[in-house]
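Participant: Starting off with a structure, shown below.
No value in this document is a laboratory result; all are computed from the given coordinates. The structure presented is a predicted model; accordingly, all values stated were derived computationally and were not measured. Neighbour counts are summed over all protein chains in view; Cβ atoms, including those assigned to glycine, are modelled from backbone coordinates with ideal geometry.
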Amino acid sequence: MSQMSRSVTADLIAELQSAGLRVEAELETRQGGAGPSDAGMLWIDGVPTTVPTSAAYVAQSPYALRADDDGFGIYRGATRLAEARPAPQPNFYKMQTAAGVPYWKIALMHLDSLASTVLQTCAYWGNSDQCQFCGIGLSLAGGRTIAKKTPEMLAEVAVAAKELDGAVDATLTTGSTATPDRGALYVGRCAQAVKDAAGLPVQVQFEPPSDLDVLSQVRDLGVDSVGIHVETFDPQVLARVAPGKARWGIEAYFAAWERAVEVFGPGQVSTYVILGLGEDPAITVESCKRAVEIGVYPFIVPLRPVPGTILGESVPPPRDYVENIYRQVVPHMHQHGLSAATVRAGCARCQACSGMAVLEQGPGGPPAPPGDGRRMLPLQVA
């Protein structure tokens with residue numbers, strides 16, 4: 001792929017993650033729930049990507065996925081812009097446990113990563129503390145999952161996902177519990193079962209525990225990396241969109257990250273940073289840089305409104321706004337040696353929900369890991 005074609009593809013992916021993609025072909029999509037909700041999962045010119053496909057605003061997108069003589073393509077009007085390869089339905093989705101629970105209700109494939117919300121309930125859901133962007137209760141209400149996945153269930157599914165569909169890692173998250181560890185130890189035990197059975201590297205995601213020694217206990221269960229997600233660094237925005245999380249205070253997240261980096265190592269601790277919530281971009285950039293300096297990977301994503309949530313009628317931020325944040329943070333990550341190439345498991349390894357990947361191999365960035373098999377796209381850094 002030439003430098004020019006790489007730039008075109010990178011620009012297109014950034015645009016699709018803001019404008020969305022109208023689907024005029026068969027495509028495996030994700031609706032509701034936690035994780036990359038309202039997501040079409042596909043490779044665009046070989047780059048793993050998730051893009052909005054179901055929200056109301058997508059109907060106005062100028063971009064469409066269509067079947068054509070070469071398989072599938074991304075089109076604007078009659079012009080074919082890029083090759084597209086939709087993710088096929090995983091083979092393990094056809095299987096079920098001895099008790100009759102379909103495997104796809106226990107865990108899902110997100111491109112090449114196995115993912116599950118191990119507790120599909122949350123102490124914040126359905127009350128004044130609810131995170132406005134979160135859809136954790138939607139898939140449960142819709143019968144698309146079960147409330148609690150056991151370690152044994154997840155181990156069974158992980159083996160099938162690895163053997164039948166080539167899963168390369170596992171990402172396990174959980175709704176927050178009203179316990180001091182916030183659910184970290186349970187999701188850690190689930191990770192231990194997955195790793196023991198399937199040998200996959202595992203990331204677990206949870207809120208900051210009250211006792212930070214819990215982080216060492218999670219590591220001792222064999223967990224490779226952790227996600228402790230602040231969502232936004234702007235305290236006024238956090239109080240509005242995630243009041244339950246806001247009560248911890250942003251400094252509590254920094255304290256948890258510092259300890260987590262001591263336990264798991266630089267680059268193996270990440271946090272979601274959602275753009276398009278009305279945040280102050282200067283606060284966002286400076287706080288991302290501060291996180292990077294202590295070894296935390298800020299996984300920056302545009303808001304992807306999930307139909308049925310409080311913010312379900314919102315729209316993602318403009319591509320230029322998102323790209324401007326990327327361009328200020330990613331070079332700082334390069335300077336401090338943080339890259340998706342060194343993340344063992346989780347969202348920061350996968351990268352498909354963010355446009356950061358298109359900068360990861362830009363000037364000053366680290367090389368892709370040997371045998372990674374992904375095509376990383378540099379954008380010219382001004």
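Participant: From the phi of every residue in region 79-94, what ³J(HN,Hα) in whole Hz does the Karplus formula 6.51 cos²θ - 1.76 cosθ + 1.60 yield, where θ is phi - 60° and glycine or proline is x?
Facilitator: In residue order, the calculated couplings are 8, 7, 9, 6, 6, 10, 10, x, 5, x, 5, x, 5, 5, 4, 7 Hz.
Participant: In percent, how large is the relative contact order of the chain, given Cα pairs closer than 8 Å and 6 or more residues apart?
Facilitator: 16 percent
Participant: In terms of modelled amide H atoms, which long-range or inter-chain residues lie less than 5 Å from the amide H of Thr232?
Facilitator: The answer is Ile274.
Participant: Using only Cα atoms, locate the centre of region 180-241 and the centre of region 311-349, then give the distance between them in Å, rounded to an integer.
Facilitator: If we compute the Cα centre of each part, the gap is 20 Å.
Participant: Something else now. Just name one of Thr309, Ala14, Val168: the one whose Cα is farthest towards the positive end of the charge dipole of the chain (beta-carbon charges, Lys/Arg +1, Asp/Glu -1).
Facilitator: Sorting the options by dipole projection puts first Thr309.
Participant: Taking 0.36 nm per intervening residue step and subtracting the Cα-Cα distance, what contour gain separates Asp68 from Ile146 on full extension?
Facilitator: 24.3 nm
Participant: To the nearest 0.05, what FRET efficiency results for Leu212 and Tyr321 with a Förster distance of 35 Å applied to their C-beta separation?
Facilitator: That pair, Leu212 with Tyr321, gives E of 0.50.
Participant: Let me ask something additional. Please count, across the chain, the pairs of lysine residues with Cα atoms under 12 Å apart that sit 8 or more places apart or on different chains.
Facilitator: 4
Participant: At a Förster distance of 56 Å, what's the computed FRET efficiency of Arg76 paired with Asp220, Cβ-Cβ distance as r, to 0.05?
Facilitator: 0.60
Participant: Anything in the chain that counts as a DSSP H helix reaching 15 Å or more along its axis (C-alpha) with Kyte-Doolittle mean of at least 0.0? List them, would you?
Facilitator: Helices meeting the criterion: 3-19, 151-165, 184-198, 250-264, 281-293.
Participant: Roughly what percent of Cα-Cα pairs across the chain reach past 32 Å?
Facilitator: So the pairs more than 32 Å apart make up 27 percent of the total in the chain.
Participant: While we're looking at this one, here's another question. With both partners inside region 91-360, how many of the DSSP beta bridges are antiparallel, as a percent to the nearest 5?
Facilitator: Around 20 percent of the beta bridges assigned by DSSP in region 91-360 are antiparallel ones.
Participant: Write down Rg/Rh for region 164-210, rounded to two decimals, with Rg from the C-alpha atoms and Rh from the Kirkwood relation over Cα pairs.
Facilitator: 1.05
Participant: What distance in nm lies between label points placed 7 Å from Cα along the C-beta direction at Arg240 and Gln89?
Facilitator: 4.2 nm
Participant: Using just the helices of the chain, give the 222 nm mean residue ellipticity in deg cm²/dmol: DSSP H runs with n ≥ 4 each add -39,500 (n - 2.57), and the total is spread over all residues, rounded to 500.
Facilitator: Value at 222 nm, helices only, nearest 500: -9500 deg cm²/dmol.
Participant: Which cysteines does the chain leave without a neighbouring Cys Cβ under 4.7 Å?
Facilitator: Those would be Cys122, Cys190, Cys288, Cys347, Cys350, Cys353, since no other cysteine Cβ in the chain comes under 4.7 Å of theirs.
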